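Visitor: My questions will all concern the structure given below.
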Amino acid sequence: MGKPRRTIDRQDYYYWKAKEKGYRSRAAFKLIQINKKFGIIKKGYKVLDLGASPGGWSQVASNIGAEVVAVDINRMPPIENVTFLMGDITSKETLESVRDICSEFDAVISDAAPKLTGKWTIDHLISIDLARASFSFAEELLRPGGNFLVKIFQGEEINRFYREIAPKFRFRKFHSPQASRKRSAEIYFVGKGFKGKKLRE
Ligand SMILES: C[S@@+](CC[C@H](N)C(=O)[O-])C[C@H]1O[C@@H](n2cnc3c(N)ncnc32)[C@H](O)[C@@H]1O
């Protein structure tokens, strides 16, 4: 199969490609593409995967040679080198349960997304809440110099969110991988070189 064109066929293309390669989700290709461009995850890294189910991103991280802790409010079938924790990432208890498993990560990645209501503003605001919750894990558990990746559905709060978290990273950028659906509102914040919990600006 040739290189995918940026057409509505992309959805099917990545669906079938995921089946062929044994990935649990087409989302796996978003992480593969983002990681190729930004080097968020490396072999030997400890990676925290938030909103991880059904497990495509965890599979990608595990294949790279990372040790993964995966969290989701829904179940996830086991994956090699992945410790799964069922929990709500907006709850403080979940953060403490993750800390009990591992107190410092090299990368925190979050593809957490709400069940879509179809109402753009509501979906956007819930997504911003999940992104903020994801950042609170990074703020507590990411090592200085570590990397952060989080999905957001675009909308009016996105600039405020960016202003809140961008100063905490030496490199920061919004990015949309080719594997994201063309008409999707999703975009990813990439933060590299975490300045550390105490280095606030
Ligand atoms: C797009 S899916 C993630 C796909 C995953 N990255 C993959 O490659 O298989 C979004 C996930 O976020 C999870 N999620 C939504 N809200 C959550 C919350 N409050 N706490 C934990 N997980 C949540 C959903 O259950 C869902 O599994």
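Visitor: About the Cα centre, and with charges only on the beta carbon of Lys, Arg (+1) and Asp, Glu (-1), how big is the dipole of the range 10-194? Nearest 20 debye, please. Mind dumping the intermediate values first?
Guide: Working: 30 positive and 21 negative charges, 205 e Å.
That gives a dipole near 980 debye.
Visitor: So which trypsin sites (Lys or Arg not before Pro) in the range 21-86 end up in coil per DSSP with only 15 or fewer other C-beta atoms within 10 Å? Present the calculation step by step, with values, prior to reporting the outcome.
Guide: Numbers: sites: K21, R24, R26, K30, K36, K37, K42, K43, K46, R75; in loops: R24, R26, K42, K43, R75.
In loop regions of the range 21-86 (DSSP not H, G, I, E or B), the sparsely surrounded trypsin sites (Lys or Arg not before Pro) are K42, K43, R75.
Visitor: State, as an integer percentage, the relative contact order of the chain based on alpha-carbon contacts under 8 Å between residues 6 or more apart.
Guide: Numbers: 380 pairs, mean separation 38.5, N = 201.
Computed over the chain, the figure is 19 percent.
Visitor: I'd like the per residue volume of the convex hull spanned by the Cα atoms of the range 91-150, given in cubic angstrom. It would help to have the intermediate numbers written out before the result.
Guide: Values: hull volume 4.8 nm³, N = 60.
Convex hull of Cα atoms, per residue: 80 Å³.
Visitor: While we're looking at this one, here's another question. May I ask what percent, to the nearest 5, of DSSP beta bridges between residues of the range 85-201 are antiparallel?
Guide: Details: 12 of 17 bridges.
If we restrict to bridges inside the range 85-201, about 70 percent are antiparallel.
Visitor: Quick one: Karplus J couplings for the range 65-70, per residue in order, coefficients 6.51, -1.76, 1.60, θ = phi - 60°, nearest Hz, x for Gly and Pro?
Guide: x, 8, 9, 10, 10, 10
Visitor: May I ask for log10 I(q)/I(0) of the range 132-201 at q = 0.12, 0.27 Å⁻¹, from a Debye sum over the Cα atoms as equal point scatterers with solvent left out?
Guide: Per q value, in the given order, log10 I(q)/I(0) is -0.31, -1.26.
Visitor: Let me ask something else. Note down the nm distance, to one decimal, between modelled labels 7 Å out along Cα→Cβ at A185 and at I101.
Guide: In this crude spin-label approximation the distance works out to 3.0 nm.
Visitor: If you don't mind, there's one more thing I want to ask. State the Cα centre-to-centre distance between the range 133-189 and the range 113-129 in whole Å.
Guide: So the two Cα centres are separated by 16 Å.
Visitor: A further question follows. Per the Kirkwood definition applied to all pairs of different Cα atoms, how many angstroms is the hydrodynamic radius of the range 67-113? Intermediate results must be reported in sequence, preceding the final value.
Guide: On the way: mean 1/r = 0.0889 Å⁻¹.
For the range 67-113, the Kirkwood estimate is 11.3 Å.
Visitor: To continue, here is another question. Full-extension gain between E20 and K92, please, as 0.36 nm times their residue separation minus the C-alpha to C-alpha distance. Intermediate results must be reported in sequence, preceding the final value.
Guide: On the way: separation 72, 0.36 × 72 = 25.92 nm, distance 3.82 nm.
Taking 0.36 nm per residue and subtracting the Cα distance, the gain is 22.1 nm.
Visitor: In the chain, what is the volume of the convex hull around the alpha carbon atoms, normalised per residue and reported in Å³? Before the final figure, lay out the partial values.
Guide: On the way: hull volume 23.1 nm³, N = 201.
Taking the convex hull of the Cα positions in the chain, it is 115 Å³ per residue.
Visitor: In what sequence, largest accessible area first, do D129, D49, D88 appear using a 1.4 Å probe? Don't skip to the answer; put the middle values down first.
Guide: Numbers: D129 90, D49 0, D88 55 Å².
The ranking, largest first, comes out as D129, D88, D49.
Visitor: Report the antiparallel proportion of the DSSP beta bridges in the chain as a percent, rounded to a multiple of 5.
Guide: Roughly 40 percent of the beta bridges in the chain run antiparallel, per DSSP.
The values are calculated or read from the model by the stated rules, or taken from the named source; none is laboratory data. Keep in mind that what you see is a predicted model, and the values were worked out from it rather than measured. Cβ sites come from the backbone with ideal geometry, for glycine too, and all protein chains shown count toward neighbours. Please note that ligands, DNA and RNA were not included when accessible areas were found on the heavy atoms of the full protein model with its side chains. Shrake-Rupley method; radii C 1.70, N 1.55, O 1.52, S 1.80 Å.
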